[in-house]
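> Sharing a structure below in structure tokens format, with a few things to ask.
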Amino acid sequence: MPNPHFAFKQFTIQQDKCAMKVGTDAVLLGAWVKPNGAKRILDIGTGTGVIALMLAQRSHSEALIDGIDIDDSACLQAEENVLASPWKEQVRILNHSLQDYSHETTTRYELIVSNPPYFLDSSKAVGLERTAARHADLLPYDQLLESVIRLLDKKGKFCVILPVKEAGILRELAKERGLQLSKLMRVRTRPDKETEKRHIMQFEHSPSSFSEDTIVIEKDERHDYTDEYKELTKEYYLAF
């Protein structure tokens, strides 16, 4: 059974009410993204609020961050975590569907991040909340991108983490809608496993350049982490 809380260096995430617990995907994305002075940030599918709080820590109180989630329990959990953090004046939790919010708000974001539901055709998890958190039924990729395009500042950046197959699908859909891939991080679990497990991607309306890199999480044994993974996450993980 997962631990009901997850402690980072500057904040703690309670996760007993939330269907999706703190995982490597969220930490990878939160650590990889650079706010770079963004004043308004949106975290889509915020869950426990972990990515929103990671970005609040990194932005040094410069950004106002909205975490949005359709799940009531997730929002209650995220609000609890925000209120217990040093950034309760900086982070706001919104209990809305992204689709509705993108039509209703006039806010435009300089940075949008998401660790979205990604399963497209696999068997459903037991329990409605966990199914919604893991499957793209309630937030199909085309609706995710259309909402992002409505909400993203013309010079803004959209960052997302997905398994490789789903990442390819999202890239094609984004290209069709005028969002261009500007950065790509290929994620492998261990050096002896050539298969990439995740792609972390950054999209922009009009990027000036493209760059890509690869990160390996573990060495030859489980929990024996590479120097590059430690460097990426050292601001957050207690062990590093």
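The values are calculated or read from the model by the stated rules, or taken from the named source; none is laboratory data. Every value quoted in this text rests on a predicted model; they were computed, and no experiment measured them. So basically every Cβ, Gly included, is an ideal-geometry build from the backbone, and we count neighbours across all protein chains shown.
> Given the options GLU212, GLU176, name the one that is more than 24 Å from ILE51 (Cα to Cα) and of a type outside the set (Ser, Thr, Tyr).
GLU176
> Still on this structure: Only one of these is of a type in the set (A, V, I, L, M, F, W, C), surrounded by 15 or more Cβ atoms within 10 Å (Cβ to Cβ), in contact (Cβ under 8 Å) with a residue 60 or more places away in the chain and more than 27 Å from LYS230 (Cβ to Cβ): VAL160, VAL148, VAL187. Name it.
VAL148
> Considering only the stretch 88-100, state which residues are of a type outside the set (Gly, Ala, Ser) and part of a loop (DSSP other than H, G, I, E, B).
LYS88, GLU89, GLN90, ASN95, HIS96
> Select the strands (runs of 3 or more DSSP E) contained entirely in the stretch 138-240, then report the ones holding at least 3 residues which are out of contact with any Lys or Arg (no Cβ under 8 Å at 6 or more places or on another chain).
Counting at least 3 such residues, we get 152-163, 180-188.
> Then there's this: Within the bounds of the stretch 204-211, is there any residue that is more than 26 Å from LEU76 (Cα to Cα), modelled with pLDDT of 95 or more, polar (S, T, N, Q) and buried (at least 16 other Cβ atoms within 10 Å of the Cβ)?
no
> Looking only at the stretch 170-196, count every residue that is closer than 17 Å to LEU29 by Cα and either touching a helix residue (DSSP H, G or I) at 6+ places or on another chain (Cβ under 7 Å) or of a type in the set (Phe, Trp, Tyr) (or both) and tell me the total.
5
> What residue, of THR233, THR226, is modelled with pLDDT of 95 or more and surrounded by fewer than 17 Cβ atoms within 10 Å (Cβ to Cβ)? Lay out the reasoning, then the answer.
Values: THR233 fails: surrounded by fewer than 17 Cβ atoms within 10 Å (Cβ to Cβ).
It is THR226.
> Counting just the residues of the stretch 163-184 that are of a type in the set (Gly, Ala, Ser) and loosely packed, with under 13 Cβ neighbours inside 10 Å, which one comes out farthest from GLY45 (Cα to Cα)?
GLY178
> If ASP192 passes every condition in (1) within 23 Å of GLU228 (Cα to Cα); (2) of a type outside the set (Ser, Thr, Tyr); (3) in contact with a strand residue (DSSP E or B) (Cβ under 6 Å, 6 or more places away or on another chain) but one, which one does it miss?
(3)
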